[in-house]
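The values are calculated or read from the model by the stated rules, or taken from the named source; none is laboratory data. In this text, all values refer to a predicted model and were calculated from it rather than measured experimentally. Using ideal geometry, Cβ is built from the backbone for each residue, glycine included, and neighbour counts are taken over all protein chains shown. Surface areas here come from the heavy atoms of the whole protein model, side chains and all, with no ligands, DNA or RNA. Shrake-Rupley method; radii C 1.70, N 1.55, O 1.52, S 1.80 Å.
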Amino acid sequence: MTTAPESPTGTRRALVVTAHPDDVDFGSAGTVASWTAAGVGVTYCICTNGDAGGFDATAREDMPVIRQQEQRAAAAAVGVTDVHFLGYRDGQLSADLELRRDITRMIRTVRPDRVLTHSPEINWARIAMSHPDHRAVGEATLAAVYPDARNEFAHPDLLLQHGLRPWLVPELWMSEAPDERANRAVDITDHFEAKLAALSAHRSQTGHLGDLEGSIRRHLARTAERHGMAVGRLAEAFHVVDTS
């Protein structure tokens, strides 16, 4: 018997899929805070263990535990308690079938109304946003949203062995997209302090930055201005695609 994918009504659950601990906080923590404040349940799926991060002499074998602890603290700052780590090596991601399967498993488990991930495109204006791991996760997540998660014959063990039924994700949000692709801006002015607290929780990544608050505020203000918001507002921008 063919199992048809289900479709949700309204936005009750969101799944955020990123490459590294801290990616969601740089790109989307204010938006996530606005979702949780509105009662949306948010789950994080972090694909790597962050072992290649850091800016000091911390032992490499200690870094994954440190970064997982930091990410859980950062998530709590924006109202997220459900955090999963896939455990891939930092810097070694590719959009292969294994990663697609793991993300499909998360989608079918969480059954989200919305998925947020990296854009798979290169942002030539801000190349630092286009880390190869980011683009690999963006590409794999897009494939997991369509067609894998909704197709019972994709990764058949997920259904046959684990009972994870197909799920149709209606909406895909992509951060770090080229400016010309960004078609949705979220005013996060009221959630800036939560975003800053989330970023500050990543001490191994941000502790060396002299003006974290100022640089983030300036970037968000430019984004808000680019999308026609009033002076003084702060925004995060996304490429949002109807995937229903």
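Projected area of the stretch 96-141, taken from the Cα convex hull and averaged over every viewing direction, in nm²?
If I average the Cα hull's projected area over directions, I get 3.4 nm².
Consider all pairwise Cα distances in the chain and report the whole-number % of them above 23 Å.
Details: 14163 of 29646 pairs.
The proportion of pairs with Cα distances above 23 Å equals 48 percent.
In sequence order, what are the phi-derived ³J(HN,Hα) couplings for the stretch 231-243 according to the Karplus relation 6.51 cos²θ - 1.76 cosθ + 1.60 with θ = phi - 60°, rounded to whole Hz, with x for glycine and proline?
4, x, 7, 10, 9, 10, 10, 9, 9, 9, 10, 6, 10
Sequence-distant or interchain residues sharing an amide H contact under 5 Å with H118, placed H: which?
G138, S175
Whole-Hz ³J(HN,Hα) for each residue in the stretch 114-129, computed from phi via Karplus 6.51 cos²θ - 1.76 cosθ + 1.60 with θ = phi - 60°, x for glycine and proline: what do you get?
8, 10, 10, 8, 6, 6, x, 7, 6, 9, 5, 6, 9, 4, 4, 7
Putting +1 on Lys and Arg Cβ atoms and -1 on Asp and Glu Cβ atoms, find which of F192, L164, H84 reaches farthest to the positive end of the dipole of the stretch 53-192.
Checked the options; the winner is L164.
Taking all protein chains in place and a 1.4 Å probe, what share, in percent, of the accessible surface of the stretch 184-244 do carbon and sulfur account for?
Of all accessible area on the stretch 184-244, carbon and sulfur atoms account for 49 percent.
What are the residues whose amide H is under 5 Å from the amide H of A235, where those residues sit 5 or more places off or on another chain and H is modelled from the backbone?
I188, A221, T223, A224
What is the packing order of peptides 151-157, 33-39, taking the mean over residues of other C-beta atoms within 10 Å and listing the highest first?
So the order, starting with the most tightly packed, is 33-39, 151-157.
Using a 1.4 Å probe, what is the accessible area per residue for the chain, in Å²?
On a per-residue basis, the chain sits at 45 Å².
Calculated FRET efficiency, H162 and Q92, Cβ-Cβ r, R0 25 Å, to nearest 0.05?
It comes out at approximately 0.45.
Enumerate the calculated ³J(HN,Hα) couplings along the stretch 93-98 in order (Karplus 6.51 cos²θ - 1.76 cosθ + 1.60, θ = phi - 60°), each rounded to whole Hz, writing x wherever the residue is Gly or Pro.
Working through the residues one at a time gives 7, 9, 7, 9, 5, 5 Hz.
With each pseudo-label sitting 7 Å past Cα toward Cβ, what's the A59-D190 distance in nm, one decimal?
Simple spin-label model gives 4.7 nm for this pair.
Show me the ranking of peptides 216-227, 109-120, 196-207 by mean Cβ neighbours inside 10 Å, starting with the highest.
Put in order of decreasing packing, that is 109-120, 196-207, 216-227.
Go ahead and run the numbers for FRET between R203 and N183, Cβ-Cβ distance against an R0 of 35 Å, rounding to 0.05.
0.55
Sorting check: for 18-26, 66-74, which peptide has the highest mean count of neighbouring beta carbons within 10 Å, and how do the rest follow?
18-26, 66-74
Using only the Cα atoms of the stretch 19-127, what are the Rg and Dmax in Å?
Using the Cα atoms of the stretch 19-127, the pair Rg, Dmax is 14.4, 42 Å.
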